[in-house]
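Structure first, commentary second.
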Amino acid sequence: MEEQAAGKRSLALPITLVLLVFSLIGNVFFYSQYLQGKQDTRYRTGQHIIETAVLTKVQYETLLNEANRLLELNELGVLPGASAGKGDLTTIRSTADSAFIAEAYLLKGKKPDLERVDSYFQRIRQSLDELEHLKQPMTEQQITELTKIKEALSAQYEIIQKFNFDAAETRISTIQVASGIDWLELADQLEASIVSQ
């Protein structure tokens, strides 16, 4: 009787250890899958942030080119509507507006309130469109306003150019972007510059 009890006891321990090892392996596997899923999500988030930064940069380039073109045409005494290059830049419209700044708010866990940012870009577009369709040369006031717009856009463009666009080249850098490394302060500076206008 004692030998049977000893035999059962001796099998119970190895079976328990085997089950424990399989349980640990399963836990490690599922935890590694969880971490991988989390990394994949951060990678996709980083890619999206980089895309919004690129769109914002393109938006500034488009608006700056348009402002520069209008100023050059005015200096030449040519009405924008009569210029041969009309439509090259004015038809290119980015939908970036406040997307880059909104990404910063979301990463900080705050609800974005970007009405002032969006209205700023609407005012700029409206001003550029009005100047584009002028039937007479610009007045001094219009030239002054356009110059101010150009200077503000240039300052904001310098801010967005500081973004690390090369981060898209590696997975690790893209994941770091999703963590807010080296760009959240740029979004804050950009918003401050826009709101101050």
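The values are calculated or read from the model by the stated rules, or taken from the named source; none is laboratory data. Remember, it's a predicted structure, so these values are computed and weren't measured experimentally. Because the Cβ atoms are built from the backbone with ideal geometry, glycine has one as well, and the counts that use them run over all protein chains shown. What goes into the accessible areas is simple: the full protein's heavy atoms, side chains included, and nothing from ligands, DNA or RNA. Shrake-Rupley method; radii C 1.70, N 1.55, O 1.52, S 1.80 Å.
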Residue within region 180-191 that is small (Gly, Ala, Ser), touching a residue at least 12 places away in the same chain (Cβ under 8 Å) and within 12 Å of Ala53 (Cα to Cα) present: yes
Residue set Lys135, Lys108, Lys162; condition more than 19 Å from Tyr60 (Cα to Cα), touching a helix residue (DSSP H, G or I) at 6+ places or on another chain (Cβ under 8 Å), modelled with pLDDT of 90 or more and not aliphatic (A, V, I, L, M); output residue Lys108
Taking region 105-136 and keeping residues open to solvent by 90 Å² or more (accessible area, probe 1.4 Å) and either touching a residue at least 12 places away in the same chain (Cβ under 8 Å) or within 24 Å of Glu72 (Cα to Cα) (or both) leaves Arg116, Gln122, Arg123, Gln126, Glu130, His133, Lys135, Gln136
Subset of region 151-197, residues open to solvent by 80 Å² or more (accessible area, probe 1.4 Å), part of a helix (DSSP H, G or I) and of a type in the set (D, E, K, R), comes to Glu151, Glu158, Asp166, Glu169, Arg171, Glu185
Would you confirm whether any residue within region 19-41 is among the small types (Gly, Ala, Ser) and over 34 Å from the mean Cα position of the chain (by Cα)? yes
Starting from region 47-67, take each residue that is touching a residue at least 40 places away in the same chain (Cβ under 8 Å) and open to solvent by 60 Å² or more (accessible area, probe 1.4 Å) and list its partners that are aromatic (Phe, Trp, Tyr) and not in a helix (DSSP H, G or I), counting only C-beta distances under 9 angstrom and pairs at least six apart or across chains. Val54/Phe163
Return only the number of the condition from (1) surrounded by fewer than 17 Cβ atoms within 10 Å (Cβ to Cβ); (2) modelled with pLDDT of 90 or more that Ile92 does not satisfy. (2)
Within region 137-150, work out how many residues are within 26 Å of the chain's Cα centre (by Cα) and surrounded by 16 or more Cβ atoms within 10 Å (Cβ to Cβ). 2
Looking at region 94-132, which of its residues are in a loop (DSSP other than H, G, I, E, B) and of a type in the set (Ser, Thr, Tyr)? Ser94, Thr95, Ser98
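Here is a yes/no grid of residues against (1) under 19 Å from Ile175 (Cα atoms); (2) of a type outside the set (D, E, K, R); (3) modelled with pLDDT under 90; (4) open to solvent by 100 Å² or more (accessible area, probe 1.4 Å):
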position: Ala12; (1), (2), (3), (4): no, yes, yes, no
position: Leu17; (1), (2), (3), (4): no, yes, yes, no
position: Tyr34; (1), (2), (3), (4): yes, yes, yes, yes
position: Lys38; (1), (2), (3), (4): yes, no, yes, yes
position: Arg42; (1), (2), (3), (4): yes, no, no, no
